[in-house]
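Please treat every number below as a calculation from the coordinates, not as lab data. Just so we're clear, the structure is a prediction, and the values are computed from it rather than from any experiment. Note that each Cβ is placed from the backbone with ideal geometry, even for glycine, and that neighbours are counted across all protein chains shown.
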Amino acid sequence: MKRSAILGVIGALVLTAGLWAGLGEAADGERVKLKVGIVGESYQEIWAPVIKRLATEGIDVELVNFAEYTLPNAALDAGEIDLNAFQHHKYLNNEIQTKGYKLTPIGETFLSAMCLYSRKIKNVGEIKKGDKIAFPNDLVNQGRALTVLQGAGLIKLKPDVANPDVPDIIENPLSLEFVPVDAAQVPSILPDVAAGVINGNYALDFGLSPSKDSIFYDDLSFYKDNSYINVIAARTQDADKEVFKKVVAAYQSDDVKKVFLEYFEGSYLPAWK
């Protein structure tokens, strides 16, 4: 065999070995190494108990923090990381449809809570006729905000609408006036409205505790499907690997629930049963 051919075979073997190592396959007695893609520092705290538990099972997890949401799926699809955990079903499905990624959710993690807050009143029952309610103006967050307002009994939406918009409101008994603004701006205009629906991360940024300061709290039961539930994703061809099942089991634990409550004050709602 020619030297170039030999080198080609060796290179292929090295690449294959590297890919298998990245997928969490290791010989008996060897530790498994996994790279998990995330976006944002909060995931470091969430994954801390997961990493600790997996380490006792011979699995070493390295978190790879990406700067933008567009990057972790590309990296996962390309084999640069083994898993990612930063997106909900709806985002992942759109990425698969528009970019052709062969990715599969292997475990659900949390619902990022969107709650109703106010600087003027203490409970939903104090909202009166003609009051102004602020919420995010982008389509996805606005749909969730309207779903929360329906859960609070303030409006009624058309049934079977996956992502409702203001025209989908069929009952508004208090003739509430809606004020759509950029999601990051809802907390800052609370003094000018009766209440506002705020994303969990922006609530915390403005010193609002979802579990203590909201006048109405988000709930998984408000949503017709799992579109807004975040997931751990893998390449489709690797989705059934046993090591990944161990990662999901370590995540879906009481230790992670404790982190959600203590460190993030209810911003994240556990989405597993």
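By the scheme Lys and Arg +1, Asp and Glu -1, what is the net charge of all other residues having a beta-carbon under 12 Å from that of residue 206?
For residues surrounding residue 206, the net value is -1.
Between residue 205 and residue 41, what length in nm is gained on full extension when 0.36 nm per residue of separation is reduced by their alpha carbon distance? Let's see the in-between values first.
Working: separation 164, 0.36 × 164 = 59.04 nm, distance 1.33 nm.
Here the segment from residue 205 to residue 41 would lengthen by 57.7 nm.
Pull up the DSSP beta bridges for the chain and report the antiparallel fraction as a percent, rounded to 5.
Bridges in the chain that DSSP calls antiparallel: roughly 55 percent.
May I ask you to derive the relative contact order of segment 164-273, considering only C-alpha pairs under 8 Å and at least 6 residues apart, and to give it as an integer percent?
That works out to 25 percent.
Modelling each spin label as a point 7 Å along the Cα-to-Cβ direction, I'd like the residue 160/residue 263 distance in nm, to one decimal.
4.3
Express the relative contact order of segment 114-217 as a whole percentage, based on alpha carbon pairs under 8 Å and six or more residues apart in sequence.
45
Obtain the nm distance between the two label points defined at residue 99 and residue 273 by a simple spin-label model: each point lies 7 Å from its Cα along the Cα-to-C-beta direction.
3.1
For the chain, calculate the relative contact order in percent as a whole number, restricting contacts to Cα pairs under 8 Å that are 6 or more residues apart.
Values: 473 pairs, mean separation 70.2, N = 273.
Reported relative contact order: 26 percent.
At a Förster radius of 45 Å, what calculated FRET efficiency corresponds to the Cβ-Cβ distance of residue 31 and residue 137, to the nearest 0.05?
0.40
What full-extension length gain, to one decimal in nm, is calculated for residue 181 and residue 121 as 0.36 nm per residue of separation minus the Cα-Cα distance?
Stretched out fully, the residue 181 to residue 121 stretch lengthens by 19.5 nm.
Mind sorting out which of (i) 0.95; (ii) 1.04; (iii) 1.20 is the real Cα Rg over 2.2 N^0.38 Å computed from the coordinates?
Matching the structure shown: (iii).
Each label point is 7 Å from the Cα along the Cα-to-Cβ direction; what then is the distance between the points at residue 189 and residue 52, in nm?
Here the modelled spin labels are 4.2 nm apart.
Would you work out which of 140, 191, 34 lies farthest towards the positive end of the dipole of the chain, given +1 charges on the beta-carbon of Lys and Arg and -1 on that of Asp and Glu, about the Cα centre?
Selected residue: 34.
Kindly provide the chymotrypsin sites (Phe, Trp or Tyr not before Pro) of segment 127-215 that DSSP labels as loop, not H, G, I, E or B, and whose Cβ sees at most 16 other Cβ atoms within 10 Å.
In loop regions of segment 127-215 (DSSP not H, G, I, E or B), the sparsely surrounded chymotrypsin sites (Phe, Trp or Tyr not before Pro) are 206.
So which lysines pass the test for residue 120, namely a Cα distance under 19 Å, with those fewer than 8 places away in the same chain ruled out?
Candidates past the 8-residue exclusion: 128, 129, 132, 212.
Pick out, in residue order, every one of the trypsin sites (Lys or Arg not before Pro) in segment 78-163 that is DSSP loop and has at most 16 other C-beta atoms within 10 Å; say none if there are none.
102, 119, 120, 122, 128, 129
Could you calculate the contour length gain from residue 212 to residue 226, that is, 0.36 nm times the residue separation minus the distance between their Cα atoms, to one decimal place in nm?
Here the answer is 2.5 nm.
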